[in-house]
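What follows is a single structure, written as structure tokens, with notes after it.
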Amino acid sequence: MRMAARKGFIIIIVVASLAVLMLMAWAIIDFGCGEILNTKMRSDLVSAYYVAGSGAEYMYAQLATQDAVYWNPTFNGTLITPDNVVLGTYTATAIPNFATNTFYIVATGVVNTHRATVVVSYGFLENYHGPVSVGSGGPMVLTGASQAAQIKMDGPAMSNSTITSNGDVNISNGSFSNIVPPLPTPTFWTGQKFDTNNDGSFAVDTNSDGVVTRAEALAQGKEAAFDADNVYQPSRNQIDDKTAFYHYYTTYLNDPANNKYHQDLGITPGGSYHYTGNQSFKPGDIPANVHIIFVDGNVTIDQNDQEWKGGGTALAHTIIATGTLSITQPTNRPGDMLTLVSYGDFYSTGQMGNQGGTIGDMAVYTNGNATLEHGGKMHLSIYALGTLTIDTIGTEQGKDHRMLTLVTPDWTDPNNIPVGLPLQYPAYISYGFLIKSDSSQKPRWQRI
Ligand SMILES: [Ca+2]
Ligand SMILES: [Ca+2]
């Protein structure tokens, strides 16, 4: 995750009320002020203008160095020369204009009670680089139950649908995250759709319902192609996305040519790490040298499925489920990477401080809905193709906080991306940071 403020400038548009104030000053002078006061007033106003400008610059510098911008702050300051002469005081406030995707700083300088105000317009130009922090294809609903159980997480939160934030939710790097960036839709197809084995021969989904049935194949004289591609539970007699999911892992990824370990992963049917039927895992159930586990069924995990308390080298492994995947109190060690992928839904619950949370890292992808309830601390990248719900629910003081920080490895290096995440998982994304949901306006983080 990188939040880099690109600073640049085009044109400074200073809407200064200085000119107006000066005219007023002349008007006052016409009412009988002397020439000396006249000159002093002009001098003060010019000084006040520069003091205000300095205040605006100071405010801009403060905003430009923040990871997240908190709007409507006010800075009060005093402008002092190097030889400690007080030139004047200023007040600067930054105010967003979400309608134009810009913000402006209003700064007022005061010199000997004479005031000048400067208004400088700015825009946003911040790029985000890194894996999706919290993402969803469907709606995202974030609910912090109360002060006792708040959500505090790294953003930006990204959804191809809507993001709803309720209660005590604090998203850093994404305070303005109700945006709709073009998150990709991960897929498990390596070839043409309905050509699961990618041999170029396939039956057509003639009624466009997302499934090729045996009847459809028969009508096309494509029984042989159908049989070759109908690899997931052939008795279902249909080729669909779940077939592709199954084929992707058990055949394609399992192939030494297609995984970064360059070895047979043992997740083909009959393989050492291919399980059929629902499975439950707890710490110590799976040896440390296992890269990936495939379960054709539902998976329930208590804390972790590998040893995590002891020393030794960091563990990285992946668990795939064709059904739902649930984990209670996810727990691992520094340097560990636990990757969970489910074709069905994903569910996690836990509490803060209970066994330490995922001190290492965790990556989650679900083809269904994802729900995180109660609290816990995780270094997490999560993406649900369906609805993503994070709800602290409970109100136990301290224990039901949900605190999510982004995974620690730099995924710009493909070798750091966990094996088993689906194709097009947003492992490295870059986009302009918008403060409103309107991609038609180019974000800027510079004076305009
Ligand atoms: Ca085929
Ligand atoms: Ca069909």
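For the cross-link pairs LYS260/LYS399; LYS193/LYS260; LYS152/LYS309, which exceed 28 Å when the distance is taken from alpha carbon to alpha carbon?
Numbers: LYS260/LYS399 38 Å; LYS193/LYS260 25 Å; LYS152/LYS309 26 Å.
As for pairs spanning more than 28 Å Cα to Cα, those are LYS260/LYS399.
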Would you mind calculating the gained length between ASP227 and ASN112 on full extension (0.36 nm times residue separation, minus the Cα-Cα distance), in nm to one decimal?
-> 32.5 nm
Sorted by average packing, counted as other Cβ atoms within 10 angstrom per residue and highest first, what order do 358-370, 231-243 take?
-> 358-370, 231-243
Relative exposure of ASP345, ASP305, judged by other C-beta atoms within 10 Å (fewest first) = ASP345, ASP305
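Arranged by the count of other C-beta atoms within 10 angstrom, fewest first, what order do ARG42, ARG115 take?
Values: ARG42 15, ARG115 21.
So the ranking, lowest neighbour count to highest, is ARG42, ARG115.
May I ask you to compute the full-extension gain from SER280 to SER43, defined as 0.36 nm times their residue separation minus their alpha-carbon distance, rounded to one decimal in nm?
Answer, rounded to one decimal: 77.4 nm.
Fewest Cβ neighbours within 10 Å first, please rank ASP44, ASP209 accordingly.
On the way: ASP44 21, ASP209 10.
The fewest-first ordering by Cβ neighbours comes to ASP209, ASP44.
No lab work stands behind these numbers, since they all come straight from the coordinates. This is a predicted model, so every value here is computed, not measured. When we count neighbours, we look across all protein chains shown, and the Cβ atoms used for this are built from the backbone with ideal geometry, even at glycine.
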